[in-house]
Amino acid sequence: MISPKRRKGAERNEPGPYSVGAIIKRAGGKRAKVRIYDGLGHFGSVRTRAGRESYFRGSAFDINGHGSAQVASDKGYTLALLKNAGFPVPDWTMIFRGETPAVIPDGAFPLVVKPNNLSKGKDVCFAGDRVVLKRILADMSVRYEKLLATEYIPGNDYRFLVLDGKLEAAYERKKVCVTGDGERTLRGLLLPYLERDREGILSDALRLAGADIRRVPAMGEIVCPIVAANISAGGKAVDVTDRAGSGYRKLCRRIAEAMSLRFCGIDIITTEDIAFAPRDYRIIEVNSSPSVSGFAATGDGELLRTRRIFRKIYRKLRKL
C-alpha cells in the first residue's frame with residue numbers, strides 16, 4: 001500500500017510556540033541540546049555537559065530537589081510549612097473523603113475549596129455558605145481523597161516567578177468577567193473563553209459554581225462567575241514585573257528559600273500596591289513547576305521575558 005503524500009506543513013508533530021519545550025529550545029539557541037519527546041512540547045530533556053539527559057515535564061525541572069517539589073505539590077503541607085516559618089497564610093481546613101460540611105465552623109465562610117494536589121485552577125470553587133459547600137463536597141469527594149478549604153481572601157491575585165532567589169517575572173491574574181448586553185445569555189458572553197478551554201477547566205468551574213449559564217445578564221451588568229483567576233481557567237495575565245518593589249522581591253526570595261526551591265511560582269493575594277513594602281498580604285500557594293505558557297502567550301514582551309527565564313534555566317541544567 002502506498003501512503004499518500006503529506007501536504008507540506010500538515011499534521012506535523014511539532015510543539016506550539018508557547019509550550020515549555022519550544023520556549024526552552026528557542027532560549028538555548030541554534031545549537032540547543034534540547035530534545036522534545038511529545039507533540040505538545042510538554043515532555044523533553046536537556047543534555048548536560050556531562051553527557052546525561054536532564055528530563056523535564058512541563059515546568060518541572062531537575063534544578064528543584066525532589067523532596068521540596070513534593071512538599072510544594074501538597075497545598076496543605078505548603079501552608080503548614082509557610083505558617084511555621086512565620087509567613088501569613090489563609091486559615092485552612094483539610095477535608096477528607098467521607099467527611100461532611102460539619103467539619104467547617106460557622107464563622108469560617110466564605111471559603112475557597114480546591115483539590116489538595118492539583119494546579120492550573122482545576123476545580124477551584126467558592127463556597128459562600130454550608131449549603132453550597134455540601135453540594136461541592138458531594139461532587140468532588142467522589143473524585144478526590146483530600147480537599148483543601150481556605151478562607152476567602154479578597155484582593156488582587158499575583159503570581160511571582162522566582163529563580164535562584166531573584167524575581168524574574170510578576171503578573172497580576174484577573175479572573176474571567178463579562179459584561180451583560182441584555183440580549184446574550186451568560187454562556188453566549190463566555191463563548192470566546194469556552195472555545196479556548198481545551199482542558200475543560202473553565203467548563204468544570206462553571207458547573208461546580210452552579211452558574212446559570214442560560215440567564216441573560218442585564219445591560220452593563222458585570223458577571224465574574226468563577227473564583228479562580230488562573231490563566232488556564234480563562235483568566236488574563238497583566239505583566240507587573242517592573243512595578244514590583246524591593247520589598248516584594250525580598251519577600252519572594254525569603255519564601256523560595258523557606259520552601260528550598262530554586263525555581264517556583266509564588267501566588268499572593270493583596271490589596272496593597274506591590275511597589276511598596278509588603279504589609280497586608282496572604283500567600284495562597286507555592287508551585288514548584290509553575291505553568292508559563294499562558295503568560296508567554298499574552299504578548300511579545302511576555303514571551304521575551306519568559307525566554308530570558310528559560311535561557312537561564314537551560315544554562316543551569318547544562319551544568320548539572
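The values are calculated or read from the model by the stated rules, or taken from the named source; none is laboratory data. Quick caveat: nothing in here was measured; it's all calculated off a predicted structure. For neighbour counting, all protein chains shown are included, and Cβ atoms are generated from backbone atoms with ideal geometry for every residue, glycine included.
Looking only at residues in region 1-39 that are at pLDDT 85 or above and among the aliphatic types (A, V, I, L, M), the one that is surrounded by the fewest Cβ atoms within 10 Å (Cβ to Cβ) is A32. Could you say whether any residue in region 238-254 is of a type in the set (A, V, I, L, M, F, W, C) and either touching a helix residue (DSSP H, G or I) at 6+ places or on another chain (Cβ under 8 Å) or in the same structural domain as K134 (by TED's automatic domain parsing) (or both)? No, region 238-254 contains no residue that is of a type in the set (A, V, I, L, M, F, W, C) and either touching a helix residue (DSSP H, G or I) at 6+ places or on another chain (Cβ under 8 Å) or in the same structural domain as K134 (by TED's automatic domain parsing) (or both).
Pairing residues of region 130-142 that are under 15 Å from T93 (Cβ atoms) and assigned by TED's automatic domain parsing to the domain that holds D204 with residues that are surrounded by 15 or more Cβ atoms within 10 Å (Cβ to Cβ) and of a type in the set (V, I, T), at Cβ distances under 6 Å and at least 6 apart in sequence or on separate chains, gives no pairs at all. For region 144-160, the criterion of being modelled with pLDDT of 95 or more, in contact with a Phe, Trp or Tyr (Cβ under 8 Å, 6 or more places away or on another chain) and more than 30 Å from P105 (Cβ to Cβ) is met by at least one residue.
If the condition is being within 19 Å of D74 (Cβ to Cβ) and part of a helix (DSSP H, G or I), then region 228-256 contributes I255, A256.
Listed here are the residues, each with its yes/no results for (1) assigned by TED's automatic domain parsing to the domain that holds R184; (2) not in a helix (DSSP H, G or I).
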| site | (1), (2) |
| --- | --- |
| D212 | yes, yes |
| S291 | no, yes |
| F295 | no, no |
| R307 | no, no |
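In the condition set (1) without any contact (Cβ under 8 Å) to a residue 60 or more places away in the chain; (2) touching a Leu at 6+ places or on another chain (Cβ under 8 Å); (3) of a type outside the set (S, T, N, Q), A218 is compliant with all but (2).
In the set I274, I269, I284, only one residue is part of a loop (DSSP other than H, G, I, E, B), of a type in the set (A, V, I, L, M, F, W, C) and buried (at least 18 other Cβ atoms within 10 Å of the Cβ); that residue is I274.
For region 79-101, the condition of being of a type in the set (V, I, T) and in a strand (DSSP E or B) holds for at least one residue. If you go through region 103-122 one residue at a time, do you hit one that is of a type in the set (G, A, S), in contact (Cβ under 8 Å) with a residue 60 or more places away in the chain, touching a helix residue (DSSP H, G or I) at 6+ places or on another chain (Cβ under 6 Å) and buried (at least 16 other Cβ atoms within 10 Å of the Cβ)? Yes, region 103-122 contains at least one residue that is of a type in the set (G, A, S), in contact (Cβ under 8 Å) with a residue 60 or more places away in the chain, touching a helix residue (DSSP H, G or I) at 6+ places or on another chain (Cβ under 6 Å) and buried (at least 16 other Cβ atoms within 10 Å of the Cβ). So which residues in region 143-175 are touching a Lys or Arg at 6+ places or on another chain (Cβ under 8 Å) and hydrophobic (A, V, I, L, M, F, W, C), if there are any at all? Scanning region 143-175 gives L147, L148, I153, V162, L163, L167, A169, A170.
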